[in-house]
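Here's the structure we're looking at; comments come further down.
The values are calculated or read from the model by the stated rules, or taken from the named source; none is laboratory data. Note that the coordinates shown come from a computational prediction; the quantities given were computed from them, not determined experimentally. Every residue, glycine among them, receives a Cβ derived from its backbone with ideal geometry; neighbour counts consider all protein chains shown. Heads up: the accessible areas ignore ligands, DNA and RNA and are worked out on the full protein's heavy atoms, side chains in. Shrake-Rupley method; radii C 1.70, N 1.55, O 1.52, S 1.80 Å.
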Amino acid sequence: MEAKALLAQIGEKDTKEFALQQGQEAIRAEKWDLAIRYFERALQYDPNDAQLIQSINLIKAKAGGYSLQAAESALKAGQVMVAMEHYGVAQKYLGQEGAAALNTLRQRLATGAKVPGDRFKTKQQLGSAWYWYEKTRDLNPEYPEIFFLIQEVEDAIKLRVLKSIAVFDF
C-alpha cells in the first residue's frame, strides 16, 4: 500500500508542470540556481519549447546580474572570499553578455585578493600569504609582480622547512 502511494507521488512530481511550479517558487525565493535547475528539468520534457528556453536565459541573466551586484557589495565590505564566490556564479551565468563588467570586477578582485596576501606576508604567515597571492594570480595572471611575490613566499616557506629539518637532524 505504501509503495503504491510513493509511486503515485513520484508520478505527480515527474511532470513538466511540477518542475515549472517548483522553478517559479525558487524564483520568488530568489534561489536562482535552483530555479534554473527546475526550468532545465522542465525543458527535458519539451526540448523545443522556445518560451521555456527564453525563460531560462532570462533567469540566468537575472542570476548573473544579482551575483555581480552581490560580488561588488561583498568586495566593498572587504569580504574578498565571498565576492570571489559570487563572481564565479556571475561568470557562469553571464558569459559573453557581461564580459566587460566581469572583467572590471575580476581586476578589482585581484587587487582585493592581494591585500590580505600582503598582510599575511608582513605577519610571516607565509602559507596564508601564498594562498592569497595564488588567488590573485588565478584572477589576473598579468598582475604586476605577482610571480615574484609568489616566488618570494615559496622560497621563505622552503627555507623555514629546511631549518625545521635541520633542528631535528642533529
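When the stretch 129-170 is examined, which residues are found to be over 25 Å from the mean Cα position of the chain (by Cα) and among the polar types (S, T, N, Q)?
Scanning the stretch 129-170 gives GLN151, SER164.
Among the candidates ALA42, ALA90, ALA71, single out the residue that is of a type in the set (A, V, I, L, M) and modelled with pLDDT of 95 or more. Before the answer, list the steps.
Working: ALA42 fails: modelled with pLDDT of 95 or more; ALA90 fails: modelled with pLDDT of 95 or more.
None of the other options fit; the residue is ALA71.
Would you be able to say whether some residue in the stretch 14-21 is open to solvent by 60 Å² or more (accessible area, probe 1.4 Å), at pLDDT below 90 and either assigned to a helix (DSSP H, G or I) or among the β-branched types (Val, Ile, Thr) (or both)? Even if it seems obvious, please write down each step before you answer.
At the first step, the residues of the stretch 14-21 found to be open to solvent by 60 Å² or more (accessible area, probe 1.4 Å) are 14, 17, 21.
Right, trim to at pLDDT below 90 and you get 14, 17.
Retained after the next criterion (residues that are either assigned to a helix (DSSP H, G or I) or among the β-branched types (Val, Ile, Thr) (or both)): 17.
Within the stretch 14-21 (the criterion being open to solvent by 60 Å² or more (accessible area, probe 1.4 Å), at pLDDT below 90 and either assigned to a helix (DSSP H, G or I) or among the β-branched types (Val, Ile, Thr) (or both)), the answer is yes, since at least one residue qualifies.
Quick one: in the stretch 81-90, of everything that is touching a residue at least 24 places away in the same chain (Cβ under 8 Å) and touching a Leu at 6+ places or on another chain (Cβ under 7 Å), which residue is surrounded by the fewest Cβ atoms within 10 Å (Cβ to Cβ)? Write out each step before concluding.
Taking the stretch 81-90 first, the residues touching a residue at least 24 places away in the same chain (Cβ under 8 Å) are 83-84, 89-90.
Filter once more, keeping what is touching a Leu at 6+ places or on another chain (Cβ under 7 Å): 83-84, 90.
Details: ALA83: 23, MET84: 20, ALA90: 24.
Out of the qualifying residues, it is MET84.
In this structure, does ALA5 turn out to be modelled with pLDDT of 90 or more and either closer than 30 Å to ALA113 by Cα or open to solvent by less than 70 Å² (accessible area, probe 1.4 Å) (or both)? Don't jump to the end; show me each part of the working.
Numbers: modelled with pLDDT of 90 or more: no; either closer than 30 Å to ALA113 by Cα or open to solvent by less than 70 Å² (accessible area, probe 1.4 Å) (or both): yes.
So ALA5 fails the test.
Return the pairs, sorted by first residue and then second, in which the second residue is part of a helix (DSSP H, G or I) and among the small types (Gly, Ala, Ser), the first residue lies in the stretch 113-129 and is open to solvent by 40 Å² or more (accessible area, probe 1.4 Å), the beta carbons are less than 7 Å apart, and the residues are 6+ apart or on different chains.
Close Cβ pairs satisfying both conditions: PHE120/SER128; PHE120/ALA129; LYS121/ALA129.
Pull out all pairs, ordered by first then second residue, where Cβ-Cβ is under 6 Å, the residues are six or more apart or on different chains, the first lies in the stretch 65-80 and is closer than 16 Å to GLY98 by Cβ and polar (S, T, N, Q), and the second is assigned to a helix (DSSP H, G or I) and open to solvent by 20 Å² or more (accessible area, probe 1.4 Å).
Pairs that qualify, where the first residue is closer than 16 Å to GLY98 by Cβ and polar (S, T, N, Q) and the partner is assigned to a helix (DSSP H, G or I) and open to solvent by 20 Å² or more (accessible area, probe 1.4 Å), are SER67/HIS86; SER67/VAL89.
Can you give me the number of residues within the stretch 30-56 that are within 16 Å of VAL89 (Cβ to Cβ) and either open to solvent by 80 Å² or more (accessible area, probe 1.4 Å) or part of a loop (DSSP other than H, G, I, E, B) (or both)?
So the count comes out to 3.
Quick one: would you say ALA110 is at pLDDT 95 or above and under 20 Å from PRO141 (Cβ atoms)?
When the stated conditions are applied, ALA110 passes them.
Mind checking which residues of the stretch 91-104 are under 17 Å from THR136 (Cβ atoms) and crowded, with 19+ Cβ neighbours inside 10 Å?
Just the residues of the stretch 91-104 that are under 17 Å from THR136 (Cβ atoms), to begin with: 91, 102-104.
If the condition is that a residue be under 17 Å from THR136 (Cβ atoms) and crowded, with 19+ Cβ neighbours inside 10 Å, then LEU102 is the only one that fits.
Determine whether THR104 is in contact (Cβ under 8 Å) with a residue 24 or more places away in the chain and under 22 Å from ALA74 (Cα atoms). Steps first, answer last, please.
Values: in contact (Cβ under 8 Å) with a residue 24 or more places away in the chain: no; under 22 Å from ALA74 (Cα atoms): yes.
It is false that THR104 is in contact (Cβ under 8 Å) with a residue 24 or more places away in the chain and under 22 Å from ALA74 (Cα atoms).
Have a look at LYS135, LYS123, LYS114 and point out the one that is of a type in the set (Lys, Arg) and more than 23 Å from ALA70 (Cα to Cα). Don't jump to the end; show me each part of the working.
Numbers: LYS135 fails: more than 23 Å from ALA70 (Cα to Cα); LYS114 fails: more than 23 Å from ALA70 (Cα to Cα).
Just one listed residue meets the conditions, LYS123.
Taking the conditions exactly as written (under 27 Å from ALA61 (Cα atoms), modelled with pLDDT under 95, open to solvent by 50 Å² or more (accessible area, probe 1.4 Å) and out of contact with any Ser or Thr (no Cβ under 6 Å at 6 or more places or on another chain)), does ALA166 satisfy them or not? Before the answer, list the steps.
Working: under 27 Å from ALA61 (Cα atoms): no; modelled with pLDDT under 95: yes; open to solvent by 50 Å² or more (accessible area, probe 1.4 Å): yes; out of contact with any Ser or Thr (no Cβ under 6 Å at 6 or more places or on another chain): yes.
No, not satisfied.
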